[in-house]
Amino acid sequence: MEFKTFISLDDAILRGTKYLPKVEHKTVPVMEAVGKYSMREVKSPHDFPKVDRSAMDGFALNSNETISASKTNPAAFTIKGELYPSSRVAYSVGKGEAVKVMTGAQLPAGTNAVVMMEDTKQSGNLLEVFSPVRPFQNVSRKGEDMMKNITIIRSGERIAPPHVAALYECGIKEIEVCSISIGIISTGDELVSGEVVNSTQPMLVSYFLSKGLQAKGYGEVEDNVREIEKRLDSMTEDILIVTGGTGPGERDYLPYVVEKQGKYVFRGLRIRPGRTTSLAIVKGKPVFMLSGLPVAALVASENLILRIIENWFGLITATKDVREGVLQRSVVNALGFKSFVRVKIEEGEEGRKVIPSRVTGSGVIYSVIDADGILVIDENLEGIEEGQIVKVEMLRW
């Protein structure tokens, strides 16, 4: 099947979002959820700390009784007892009294500050304080960390280590996460024979894993309609990706599988690299067809597949780091296509320089490793002249 109509990237994202399957969310232990996306909003069930607590080892007392305390005129107190974080004893402290407290211990009634041990002298149950303390000095206030009903994590937000700490503090040990799964195969007799190394598939598997999604590689399959059908049938993932064999060539058999078992959502994108990128529905599953060349496949995964998944599940992703600089060499573009140009960034006294890569092949993966960012040229431009100020999306894998 030939490429009759290439569609825009934005149109492809809109079309593709309509065809993603409904996926049941998965509940996992919080410790295993880091890097994944929460599928529900989680709020703090109570203030944390629940009560005023000592922020250090010292003595809890009424700060008003230390106003004039100094080394030559210490304030005198009677030590009423000791409190630890695990203590269940409740003290009520009166005038001239103090309680020895360890870090994390609940502040006794009648006290509003903690004086550090190094600012005191203890003799039996007698205490001398040599320095004044302010109200609530050295105290972790109730709700200081988290107030009741404050949002700990939003639905669609990626779970980070600080979220784990907050969830544990609230007694939450499990959380629902996005569980959409991606299966990837690569077609080509040259891959099966080992004549050509299949670097694209492991790159894509690791790419989607790095984005907090489930991904699995299913190896290589020869250029044979039946073998491709069998491999696709064996894959249980929600989204399937096939690299290679997507073009109109005589030995590109994937289009025959689509014609036999499914239908196209779109066939070809107005992007470079990656113009052969297509989406079909085969036996009810979305099958993304990508170039076997690593750069083209990576561009399509980043700018099409990931965007569709984000839209469908409402995933909240990090804001892109976009920087401006002066283009050091003119770049051309095929009118009607959106181009993703690999660039280097140089900082100097004259400002930031944007230098397009001289190697632009879709199969040259080192050009991505060596690049600092991507210059996106809109489809309505034939290019950008040297000396123009441009915006670069910095690469952050």
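Each reported figure results from applying straightforward, stated rules to the coordinates on display, with no laboratory input. Everything quoted here is computed from the prediction, not taken from an experiment. Counting neighbours? That spans all protein chains shown, and the Cβs are built from the backbone with ideal geometry, glycine included.
Zone of residue 350 (label point 7 Å along Cα→Cβ, backbone N under 14 Å): which residues in the stretch 307-336?
326-330
Restricting to the stretch 53-140, what percent of DSSP beta bridges are antiparallel, rounded to 5? Show your work: numbers first, answer last.
On the way: 18 of 24 bridges.
Around 75 percent antiparallel, to the nearest 5.
Hey, what's the Kirkwood Rh for the stretch 322-394 if you take every pair of different alpha carbons, in angstrom?
12.3 Å
Looking only at the chain, where both bridge partners belong to it, what percent of the DSSP beta bridges are antiparallel (to the nearest 5)?
70 percent
What list of ³J(HN,Hα) couplings, whole Hz, do you get for the stretch 17-26 from phi and the Karplus terms 6.51, -1.76, 1.60, once you set θ to phi - 60° and write x for glycine and proline?
4, 5, 10, 6, x, 6, 10, 6, 5, 10
Restricting attention to the alpha-carbon atoms of the stretch 217-323, what are Rg (one decimal) and Dmax (integer), both in Å?
When restricted to Cα atoms, the stretch 217-323 yields Rg and Dmax of 14.4, 48 Å.
Identify all aspartates and glutamates with a Cα-Cα distance to residue 173 below 12 Å; exclude those on the same chain that are fewer than 8 residues away in sequence.
Those aspartates and glutamates meeting the cut-off are 32.
Quickly work out the residue 25-to-residue 319 label distance, labels modelled 7 Å from Cα along the C-beta direction, and quote it in nm with one decimal.
2.6 nm
What do you get for GluC sites (Glu not before Pro) in the stretch 148-206 restricted to DSSP loop and a cutoff of at most 11 other Cβ within 10 Å of the site's Cβ? Write down the numbers at each step before the final one.
Working: sites: 157, 169, 174, 176, 190, 195; in loops: 195.
Sites meeting the loop and neighbour criteria: 195.
For residue 395 and residue 227, what is the calculated FRET efficiency with R₀ set at 51 Å and r taken between the beta-carbons, to the nearest 0.05?
E(calc), rounded to 0.05, equals 0.90.
So how tilted is helix 200-210 from the main axis of the chain? Cα-based, degrees 0 to 90, rounded to 10.
20 degrees
Does anyone have the angle between helix 225-234 and the longest principal axis of the chain? Alpha-carbon axes, 0 to 90°, nearest 10?
So the inclination is approximately 20 degrees.
Kindly work out what percent of the DSSP beta bridges joining two residues of the stretch 322-394 are antiparallel, to the nearest 5.
DSSP beta bridges in the stretch 322-394 are roughly 90 percent antiparallel.
Put +1 on the Cβ of every Lys and Arg and -1 on every Asp and Glu Cβ in the chain; which of 138, 61, 219 then has its Cα farthest towards the positive end of the dipole?
61
Determine the distance separating the Cα centre of the stretch 146-173 from the Cα centre of the stretch 315-393; give it in Å without decimals.
37 Å
Counting helices only, and only those DSSP H runs with n ≥ 4, report the 222 nm mean residue ellipticity of the chain as the sum of -39,500 (n - 2.57) divided by its residues, in deg cm²/dmol to the nearest 500. Could the numbers behind the result be given before it?
Details: 9 runs with 70 residues, N = 397.
Calculated at 222 nm, the ellipticity per residue is -4500 deg cm²/dmol.
Of 337, 266, 77, which is the most mobile in a GNM of the chain whose springs link Cα atoms less than 10 angstrom apart?
Of the options given, 77 has the highest mean-square fluctuation.
What residue among 51, 279, 377 has its Cα farthest toward the positive end of the dipole of the chain, where the charges are +1 on Lys, Arg and -1 on Asp, Glu, each on the Cβ?
In the chain, that residue is 51.
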